[in-house]
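The structure appears below as structure tokens.
The values are calculated or read from the model by the stated rules, or taken from the named source; none is laboratory data. Everything quoted here is computed from the prediction, not taken from an experiment. So basically every Cβ, Gly included, is an ideal-geometry build from the backbone, and we count neighbours across all protein chains shown. Just the protein is used for accessible areas: all its heavy atoms, side chains included, with ligands, DNA and RNA removed. Shrake-Rupley method; radii C 1.70, N 1.55, O 1.52, S 1.80 Å.
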Amino acid sequence: MGGYFEKMFFWEEFLCYYSKDKLNFIGNSSSEKRSENVGKIDKLNEQCKCTYFFLDYDYEEDSFECNNEKYDLKSQAFTFLRKLDKSIPVILNITSMNLRLMGTLLFNIKKIGFKEVYCLYTEPLRYCKNIDGSDEEEFVDRFDLYKKFRGIEPIPGFLRANDDKLDEKWIAFLGFDGKRVEQINDRYDFADIVPVITLPSYKPGWQNYALQENIDIIKSVERKPEYIIANSFLSAYDYLEKMKKTYPKTYLRVTPLGTKINALGAILFCLNNVHNVELLYDNPKEEGKISTECGKTYIFDISEMINQ
């Protein structure tokens, strides 16, 4: 482990732990049951004065709306967050938050200097896919979670370039949607690929799904997959820190296609390491339900790490 201690609470523990009299809660509109905001805000309001902000992200326009005001993601996310009092703790419900929106918010939260920052995440119990736009659900072993993509485009605040022409290493956090990693590699044809799988996973055996879905890319490289913990952002952060120290003269491209919590760790690492590290992402459009049934809810205190 590196120099950080992972501060993680179960939802019930956080409700007992939190003692401040105010809190700003930022969530996003979603069809995912596990990303429900209202019930959690009601619980928080029993502890403190919780002011909430629901963001409706527009994939096509790359903008979001909040309280009937529209903000361009690239140029106005800072304006939106600047209206908040940075001395009041802020909590982001990242459960179903688009990674593009999540990364941009975290970039600007760091830039503004919010003192106390938490991320909330609820695990899925099962994944599903919608069939022909109907309400019927089918549970499948072959996952196809996303249909549309903006394509590979830097998340606002994460534009980087290999200006020194260093050798490159692609670190791919693999998930259940194997076609995504194949599409990215088809574009770049990386010579040095590091596949990363979660173990332990959210549920026993889920690492086997990731292995099956990404078997082609795994077989194409001359190394075994490496492993990080599914529900730990620090496991992802420390892994990337280890890689950066091991290969100091290498340009690292990081693609977080695994768990949202691991993606949080990758985003925080890229925020704190602006040289020779790039977040490479395909920006999928999240539409319809991709999961059903709710697992455990966690709260992660990222205050120390984001204020590095």
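Observations on the structure shown:
- Selection count where residues are of a type in the set (S, T, N, Q), within 24 Å of LEU125 (Cβ to Cβ) and modelled with pLDDT of 95 or more, scope the stretch 244-290: 1
- Complete set of residues in the stretch 268-280 that are open to solvent by 20 Å² or more (accessible area, probe 1.4 Å) and either closer than 19 Å to ILE152 by Cβ or of a type in the set (S, T, N, Q) (or both): ASN272, ASN273, ASN276, GLU278
- Flag if ASP85 is in a helix (DSSP H, G or I), assigned by TED's automatic domain parsing to the domain that holds PHE300, over 21 Å from the mean Cα position of the chain (by Cα) and surrounded by fewer than 15 Cβ atoms within 10 Å (Cβ to Cβ): no
- Every test in (1) within 21 Å of ILE267 (Cα to Cα); (2) at pLDDT 95 or above is passed by SER96 save one, and that test is (2).
- Residues being at pLDDT below 95, assigned to a loop (DSSP other than H, G, I, E, B) and under 21 Å from LYS115 (Cβ atoms) are entirely absent from the stretch 58-65.
- Scanning the stretch 95-112 for residues that are touching a Lys or Arg at 6+ places or on another chain (Cβ under 6 Å) and in a loop (DSSP other than H, G, I, E, B) returns a single hit, THR95.
- Set side by side, the residues ASN93, ASN98 differ, and just one is out of contact with any helix residue (DSSP H, G or I) (no Cβ under 9 Å at 6 or more places or on another chain) and in contact (Cβ under 8 Å) with a residue 60 or more places away in the chain, which is ASN98.
- Among the conditions (1) in contact with a helix residue (DSSP H, G or I) (Cβ under 6 Å, 6 or more places away or on another chain); (2) within 24 Å of SER232 (Cβ to Cβ), the only one that PHE5 does not satisfy is (1).
- Subset of the stretch 9-47 (residues that are of a type in the set (A, V, I, L, M) and either part of a loop (DSSP other than H, G, I, E, B) or surrounded by fewer than 16 Cβ atoms within 10 Å (Cβ to Cβ) (or both)): LEU15, VAL38
- Residues satisfying the stated conditions in the stretch 5-53, i.e. small (Gly, Ala, Ser) and more than 25 Å from GLU69 (Cβ to Cβ): SER19, GLY39
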